[in-house]
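Remarks on the structure that follows.
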Amino acid sequence: MKFKIKKEPLLAAVSKIAGAAEHKQTMPILMHCCIEAKDGTIKMVSTDMEIQIAASTAVLSMDEPGRVTLPVRRLMDLLRTLQPETEVGFSSSKKENTTVSYGSGRARLSGFDPDDFPSVGGESADVFSVSSLALKTVLSTVKYAIAKDDVRYYLNGALLECVEGALNAVATDGHRLAFSKIEAKEVRTQKELILPRKGVNELCRLLPEGDEVVDVGFGTNHIFVKGEGFEYVSKLIDGKYPDYRAVMPKKSGPRLIVDREALADAVGRVNLIQESDGAVLLELASGEIVIKARTGTDESVESVSVDYTGESAKIGASAHYLLDALNGSDTEKVVVYFAPAPNGAASVVYLYGEGDARNQHVVMPINL
């Protein structure tokens, strides 16, 4: 294998695939990427056996096609030190050794036999095209609420619902819930699947925010996404996601409208008095909401003007969870309910954007 390529497109390709590479020593070959050079293009692939990302880019010249594996992190660290217009050469006479040349320097990197490099995925079906921005938006909105290492394994991912003309995404860790919906006229298939946390994060990182369209397909237990210059495959979590509609509160109870950034800033400042993330008390009165936090003998209090004229009410909630919910909305003002939970438990904090209920957030209460 022998080819030359500019540093910028090569680094862009390596950056796309780096997140899928394994960072532990359990299987050293998974810390490498597989590079295949042919027909004036290189295709780079990395995987941790749960997700797989491939990126392709054109080269300046190619004298000999071939396949090698190289350590992802070491290659990326090397490329980052080079000047923008640097030409980088790759040559390999053996599958396990590759010389990387640049300017007046060179490095020899050892790899594995590319024939031993694993692959994730299989045949895809139910392929449809959808706006990259639409898919990125719904997943980015809810990913903060995905559980971490929960014994209820199905909560360690986000639910993606493909319904006629729309995409829905849901995530919950049992203490909070995030829901996002966006119109997607291209969607004509009915499908529910659970993407694992890492898969969601990597897909959100890959998807462009412009007008690009990506192809989405489903296999037996995989999702496939193909866009300009990248291919993404992720295993799905096998399980039944809880019926989130049954736990979404109704629009009842004390209702207020408040400037989203003003409330987020106040919650953040009040929470500074606590050494670690803690709970804050929200006290609602006519025309204002008061946020309180206490630790030992120290106390912090701040009020924010709101549009509310009902009876007084109060609720305790995690400051961190409230901030995530507020930051998950993108409107200037949000509608907030101290809404009774469907199961008859204490009221929850239920909020969404004023005039825009596509993104909805629920935060469970804390007794204070």
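Since every read-out is calculated from the coordinates, none of them should be taken as a lab result. This structure is a prediction, so every number in the text was calculated from the model and none was measured. With ideal geometry, Cβ positions are generated from the backbone for all residues, glycine too; neighbour counts draw on all protein chains shown.
What is the pair-distance distribution P(r) of segment 125-245, computed from all Cα-Cα distances in 5 Å bins starting at 0, with each bin given as a whole percent?
With a bin width of 5 Å, the distribution comes to 2, 12, 23, 27, 21, 10, 4, 0.
Note down the net charge around Lys6, summing +1 for each Lys or Arg and -1 for each Asp or Glu among other residues with Cβ under 9 Å from its Cβ.
That sum, taken over residues with Cβ under 9 Å, equals -1.
On a 0 to 90° scale, report how tilted helix 132-142 is relative to the longest principal axis of the chain, with both axes built from alpha carbons and the result rounded to the nearest 10.
50
Over all distinct Cα pairs, what is the inverse of the mean 1/r for segment 2-116, reported as the Kirkwood hydrodynamic radius in Å?
13.9
Give me the percent relative contact order of the chain, please, defined on Cα pairs under 8 angstrom at least 6 residues apart.
Relative contact order comes out at 13 percent.
To the nearest 20 debye, what is the magnitude of the charge dipole of the chain about its Cα centre, counting +1 on the Cβ of each Lys and Arg and -1 on the Cβ of each Asp and Glu?
Using only the charged Cβ atoms, the result is roughly 680 debye.
How large is the charge dipole for segment 248-363, taken about the Cα centre, if only the Cβ atoms of Lys, Arg (+1) and Asp, Glu (-1) carry charge, to the nearest 20 debye?
So the magnitude is around 480 debye.
State the percent of C-alpha pairs, over all pairs in segment 248-363, separated by a distance greater than 17 angstrom.
Of the Cα pairs, 52 percent sit more than 17 Å apart.
Tell me, what is the Rg over Rh of the chain, with Rh the Kirkwood radius over Cα pairs?
Result for the chain is an Rg/Rh of 1.07.
In what sequence, highest mean first, do 80-89, 230-239 appear when ranked by Cβ atoms within 10 angstrom?
230-239, 80-89
Past 21 Å, Cα to Cα: identify those pairs from Lys148/Lys240; Lys24/Lys136; Lys16/Lys191, in the order given.
Lys24/Lys136; Lys16/Lys191
Using the charge dipole of segment 2-116 (Lys, Arg: +1 at Cβ; Asp, Glu: -1 at Cβ; taken about the Cα centre), state which of Ser104, Ala21, Val68 has its Cα farthest towards the positive end.
Ser104
Mind checking the dipole of segment 63-213: about its Cα centre, +1 per Lys or Arg Cβ, -1 per Asp or Glu Cβ, Debye to the nearest 20?
Roughly 580 debye, rounded to the nearest 20.
Can you pick out the pairs among Lys143/Lys251; Lys95/Lys143; Lys226/Lys251; Lys38/Lys235 whose Cα atoms lie more than 30 Å from each other?
Those over the limit are Lys95/Lys143; Lys226/Lys251.
Using the per-residue mean of other Cβ atoms lying within 10 Å as a proxy for protection, in what order, highest first, do the peptides 310-320, 93-103, 196-206 fall?
Per-residue mean Cβ counts within 10 Å order the peptides as 196-206, 310-320, 93-103.
Once the Cα atoms of helix 197-206 and of the chain are each reduced to a long axis, what angle between those two axes, in degrees from 0 to 90 to the nearest 10, is obtained?
Helix 197-206 sits roughly 70 degrees off the main axis of the chain.
Give, as a single signed number, the net charge of other residues whose beta carbon lies under 9 Å from the beta carbon of Arg197, with Lys and Arg counted +1 and Asp and Glu -1.
It works out to a net charge of +3.
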